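A.B. asks: Here it is, the structure in full.
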Amino acid sequence: MKISFKRFFPQRHVSAGTLRNSFDRRSIVVGTIQGGVGVLLAARLGYLSIAQNAKYELQAESNRVNLSLIPPRRGWIMDRNGTPLASNRADFRVDLIPERVQDAPHTIRTLGQLLNLTPIAMQDLEDKLERARRFAPVEVASGLDWDTFAAVSVRLPDLPGVVTQRGFSRFYPLGPSVGHLIGYVGPASAEEYEKDRDPVLITPGYKVGKDALEKFYEKDLRGKPGARRVEVTASGRIVRDLDTREDVPGQTLKLTIDAGIQEYASRRIGPESAAVVVMDCQTGDILAMCSMPSFDPNSFSDGIGRLEWKMLSDDDHVPLRNKVLRGLYPPGSTVKPMVALSFMEAGLDPNESVFCGGGLRVGNRVFHCWNRRGHGSVNMAKGIYQSCDVYFYHFAQRIGMDPIAAMAGRLGLGKDFPLPVSGQSYGTVPNPAWKLKKYGKEWQTFDTVNATIGQGYFLVNPLQQAIQASRIASGRAIMPRLVHGHEHEEAPSLGISAEHLAYVRQAMSDVANGPGSAPHSRLPFPDIKLAGKTGTAQVVGLNVGSGKGGLWKHRDHGHFICFAPFDNPRYACSVVCEHGGGSPSAYPIARDVLTYVFDKQKGMDVLAELEKKWGGTPKERLEARYRTYSDQYGVGAPAVSAEEENRKLQGADGPQDPAQPIVRDAASPAPEPDTSAPTPARAPAATSTSPAAPPSPATGGTGANTGGSTGGNPQ
């Protein structure tokens, strides 16, 4: 049966009027929608053309105009006389931007042919590219001549990522002589860019300060970048120059350093591992601050390769360490003038004497003098100029360590100073409270005996020793200055009796000009006298070595502090010679440096003869050593990761942490074998009623005197 459902749904009647009304409604809806879309499009067009006009005009202009930054020229660093220590020189250079390079092997190979790069240079370039951030430019070569620069420039369309530039590069005229003082520059790291966010940091060829003064004064030396606007085609081809805004060079930094003295001192150190500081006793101006061996900052600025890095890191003289500020050494007998001042201030009569028979018994131990035959009757002056240990052993027990430590602080030992440097290792001036806090042990008599001759826990750096000499010379609290131009104010008095200072100065003059321990430190001028004090610091015990020969690391450190002229002090100097075998390695350097200060030609005559034996200047010796490494290793030198390089640099620049064992024996080495003073026949050792030192192991280590109680230890 067929069922029809139409009867359940009644049909609507459709007429001509109904159809006409339905069409009209649809027309209205469609028209409304179309009108709305049109309004939206018009509004958007108006927004883009009016409100966003500046934005899109800038984008359109950037398609037509290319804007590039011009790296600013770094400010020069000058010495006190206007001689450049760090300058800029115009050069042609080639850089690579890794993220733009399409075929790295082909690009490197082509550049190697165009620039005549050696295999070692090619290897170093590959290492730089592997370690570089993709956006950071990598230096390929600098200091190019015009023909080579042009040969690369005409091939730029075939070498994507290669950038040629005419600009300025950092140049250090004195090379290794200012490596630790000035520092060096290099491309900004990702961390430096994230911290600063200055777009100039990623501009090809731009470099920032990485160490020392270059880093400390980065903001002042940087300057402001310039800009260049050029019209380009769609493919980037330059049509014409539109506008150029010149860069603003960084500020010039003027130092108190004297370039001549700085270079002479660094060269005079020769093959030794040593530090020299020269100061103006009247103003505190630092005239020279040398740490050798050093590195050539010109090489570091260009990007050091794996071969040169191996050469520096293999050197046991640690050329990457700034020994002036970071080196810590037992000062040896150079503290005896300071100890003598503390004795007199505590009430000791300088004419009171003690008999030196070659040693002093303290409890159940014998502490030897450097002169095993003894010095006979010794007063304070003789104790200084003959460097008699027994004199200081004896009276230090009466006076105690606290007055000695207080005087050391007044003379600048154990202090850090407000200088524009990244850090200073201020060392240790020991006293009973310090030992109790650090080791939880009571101060003992043998601690005082050790400290009074600059051994045991005592540690200082060469800058502090120069300040000590300048304060003794002037009687004022001289503060070191490294930046020139600040108004000089007379330093306050140390509060030390003028009579006491005059007595100690005269004794220090006798060290060089009288019956003292270093007659060969005398200046070659009849009218200029030098006052000084020798010092030798033990490194290992007598059971390991004598300190004079054998392994370099086992030799004693040599010290010398001095000032001149004696009767009107103007210049103070300190020299520390690491493992030099004693003070005879140090005072000839100080003597020759001060000779140059007073008579440049006479000083240069001495240096010329010495450098003939040493193989030339520091730069020439570095180059010769590099050639030796090149012949030996070629491209076979091991690669060094960025992490390892940073670790070694931080380790070299970080503070030393020498072993500081609790020692019980002291034996000051001899200042100089050929003293002009007659020595008495050997006599029995003097004795002291001080309590015996308790048993304590005497282990070797830099910074601690570990000499045995029965063997001589010539300094």
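A.B. asks: Are there any strands (runs of 3 or more DSSP E) wholly within segment 345-391 with 1 or more residues that are over 18 Å from Gly582 (Cβ atoms) and at pLDDT 90 or above, and if so which?
C.D. replies: Numbers: elements: 354-356, 359-362, 365-368, 376-378.
Where strands (runs of 3 or more DSSP E) fall fully within segment 345-391 and carry at least 1 residues being over 18 Å from Gly582 (Cβ atoms) and at pLDDT 90 or above, they are 354-356, 376-378.
A.B. asks: Of these, Ser142, Ser189, which one is without any contact (Cβ under 8 Å) to a residue 60 or more places away in the chain, open to solvent by 30 Å² or more (accessible area, probe 1.4 Å) and among the small types (Gly, Ala, Ser)? Working first, answer last.
C.D. replies: Values: Ser142 fails: without any contact (Cβ under 8 Å) to a residue 60 or more places away in the chain.
Exactly one of Ser142, Ser189 is without any contact (Cβ under 8 Å) to a residue 60 or more places away in the chain, open to solvent by 30 Å² or more (accessible area, probe 1.4 Å) and among the small types (Gly, Ala, Ser), namely Ser189.
A.B. asks: Identify the residue in segment 421-468 that is aromatic (Phe, Trp, Tyr), at pLDDT 90 or above and part of a loop (DSSP other than H, G, I, E, B) and, among all such residues, is surrounded by the most Cβ atoms within 10 Å (Cβ to Cβ). Spell out the reasoning first.
C.D. replies: As a first pass, look at segment 421-468 and keep what is aromatic (Phe, Trp, Tyr): 426, 434, 439, 443, 446, 457-458.
Pick out the ones that are also at pLDDT 90 or above and you get 434, 439, 443, 457-458.
After this cut, where a residue has to be part of a loop (DSSP other than H, G, I, E, B) as well, the list is 443, 457-458.
On the way: Trp443: 19, Tyr457: 24, Phe458: 29.
The extreme case among them is Phe458.
A.B. asks: Going by what's in this entry, would Ala608 be described as out of contact with any strand residue (DSSP E or B) (no Cβ under 7 Å at 6 or more places or on another chain) and either assigned to a loop (DSSP other than H, G, I, E, B) or small (Gly, Ala, Ser) (or both)? Give the steps one after another, and end with the answer.
C.D. replies: Working: out of contact with any strand residue (DSSP E or B) (no Cβ under 7 Å at 6 or more places or on another chain): yes; either assigned to a loop (DSSP other than H, G, I, E, B) or small (Gly, Ala, Ser) (or both): yes.
Yes; evaluated as a whole, the condition is true for this residue.
A.B. asks: Would you call Ile70 at pLDDT below 70 and either open to solvent by less than 70 Å² (accessible area, probe 1.4 Å) or over 30 Å from Asn298 (Cα atoms) (or both)? I'd like the intermediate steps shown before the answer.
C.D. replies: Working: at pLDDT below 70: no; either open to solvent by less than 70 Å² (accessible area, probe 1.4 Å) or over 30 Å from Asn298 (Cα atoms) (or both): yes.
So Ile70 does not fit the description; no.
A.B. asks: Taking the residues in segment 488-513 that are open to solvent by 20 Å² or more (accessible area, probe 1.4 Å) and small (Gly, Ala, Ser) as candidates, determine which candidate is nearest to Ser583 (Cα to Cα).
C.D. replies: Ranking the candidates gives Ala502 first.
A.B. asks: Which residue out of Ala586, Ala572, Ala608, Ala564 is in contact with a Leu (Cβ under 8 Å, 6 or more places away or on another chain) and open to solvent by less than 60 Å² (accessible area, probe 1.4 Å)? Lay out the reasoning, then the answer.
C.D. replies: Values: Ala586 fails: in contact with a Leu (Cβ under 8 Å, 6 or more places away or on another chain); Ala572 fails: in contact with a Leu (Cβ under 8 Å, 6 or more places away or on another chain); Ala608 fails: in contact with a Leu (Cβ under 8 Å, 6 or more places away or on another chain).
One residue alone meets the criteria, Ala564.
Condition check ((1) over 41 Å from the mean Cα position of the chain (by Cα); (2) in contact (Cβ under 8 Å) with a residue 60 or more places away in the chain; (3) more than 21 Å from Leu341 (Cβ to Cβ); (4) open to solvent by 20 Å² or more (accessible area, probe 1.4 Å)) across all residues:
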site	(1), (2), (3), (4)
Gly358	yes, yes, yes, no
Val362	yes, yes, yes, no
Phe367	no, yes, yes, no
Trp370	no, yes, yes, yes
Gly376	yes, yes, yes, no
Met380	no, yes, no, no
Tyr385	no, yes, no, yes
Cys388	no, no, no, no
His394	no, yes, no, yes
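A.B. asks: Turning to a different aspect of this structure: How many residues, within segment 147-177, are at pLDDT 80 or above, within 37 Å of the chain's Cα centre (by Cα) and of a type in the set (Ser, Thr, Tyr)?
C.D. replies: Number of matching residues: 4.
A.B. asks: Then there is this: Taking interchain pairs and intrachain pairs at least six residues apart, which have beta carbon atoms under 6 angstrom, with the first residue in segment 82-93 and closer than 17 Å to Leu221 by Cα and the second of a type in the set (A, V, I, L, M, F, W, C) and open to solvent by 50 Å² or more (accessible area, probe 1.4 Å)?
C.D. replies: These pairs meet every condition: Pro84/Trp76; Ser87/Trp76; Ser87/Phe171; Asn88/Phe168; Arg89/Phe171.
A.B. asks: In addition: Please pick out the residue among Ala259, Ala265 that is touching a Cys at 6+ places or on another chain (Cβ under 8 Å) and hydrophobic (A, V, I, L, M, F, W, C).
C.D. replies: Values: Ala259 fails: touching a Cys at 6+ places or on another chain (Cβ under 8 Å).
Being touching a Cys at 6+ places or on another chain (Cβ under 8 Å) and hydrophobic (A, V, I, L, M, F, W, C) holds for just one of Ala259, Ala265, which is Ala265.
A.B. asks: Sticking with this structure for a sec: Listed residues Leu594, Leu523; which is part of a helix (DSSP H, G or I) and either over 24 Å from Met289 (Cβ atoms) or open to solvent by less than 30 Å² (accessible area, probe 1.4 Å) (or both)?
C.D. replies: Working: Leu523 fails: part of a helix (DSSP H, G or I).
Exactly one residue qualifies, and that residue is Leu594.
A.B. asks: Shifting gears a bit: So how many residues does segment 102-119 have that are buried (at least 19 other Cβ atoms within 10 Å of the Cβ) and either modelled with pLDDT under 75 or hydroxyl-bearing (Ser, Thr, Tyr) (or both)?
C.D. replies: Number of matching residues: 1.
The values are calculated or read from the model by the stated rules, or taken from the named source; none is laboratory data. All of these numbers come straight from a predicted model, not from anything done at the bench. Positions of Cβ are backbone-derived with ideal geometry, glycine not excepted, and every protein chain shown enters the neighbour counts. Heavy atoms of the whole protein, side chains included, go into the accessibility calculation; ligands, DNA and RNA do not. Shrake-Rupley method; radii C 1.70, N 1.55, O 1.52, S 1.80 Å.
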